[in-house]
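Below: the structure, in structure tokens.
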Amino acid sequence: MLERAVAKALVEAAKARGLFIRKCKWEGRVGAPDYIVLRGGIAHFIETKAPGERPRASQIAEFRAIETAGATVWIVDSIPAATAAIRAIAGV
């Protein structure tokens, strides 16, 4: 399975729950997450990976900075993980 299949499942699950989701492009940042999901004024960042892939060191550093600022970062590497993250964000 490719990362794009995980990303597609993520976007479809978010839209099915009526969540705001956007693919992000980060100017001048290395390691930033792929998606932002907003619910109730709270930002959740999601990094998609192919099954078994792990974040690079630069990504881990960026994710820690985001979490220190008070937001949540999810790393999903499968369709079940993507849908579980969306269910958790949606409060279901």
TODO: Hey, could you check region 35-92 for residues that are in a strand (DSSP E or B) and over 10 Å from the mean Cα position of the chain (by Cα) and say which is surrounded by the most Cβ atoms within 10 Å (Cβ to Cβ)?
DONE: ARG39
Task: region 16-38, residues that are of a type in the set (D, E, K, R) and at pLDDT below 95 - done: LYS25, GLU27, ARG29
- [ ] From VAL76, VAL92, grab the single residue that is touching a Lys or Arg at 6+ places or on another chain (Cβ under 9 Å), at pLDDT 95 or above and of a type outside the set (Lys, Arg).
- [x] VAL76
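Would you pick out the residues in region 5-34 that are among the small types (Gly, Ala, Ser), in a helix (DSSP H, G or I) and surrounded by fewer than 14 Cβ atoms within 10 Å (Cβ to Cβ)?
Once the filter is applied, which keeps residues that are among the small types (Gly, Ala, Ser), in a helix (DSSP H, G or I) and surrounded by fewer than 14 Cβ atoms within 10 Å (Cβ to Cβ), region 5-34 yields only ALA16.
The values are calculated or read from the model by the stated rules, or taken from the named source; none is laboratory data. Bear in mind the structure is a predicted one, so any value in this text is a computation, not a measurement. FYI the Cβ positions are ideal-geometry reconstructions off the backbone, even for glycines, and counts take in every protein chain you see.
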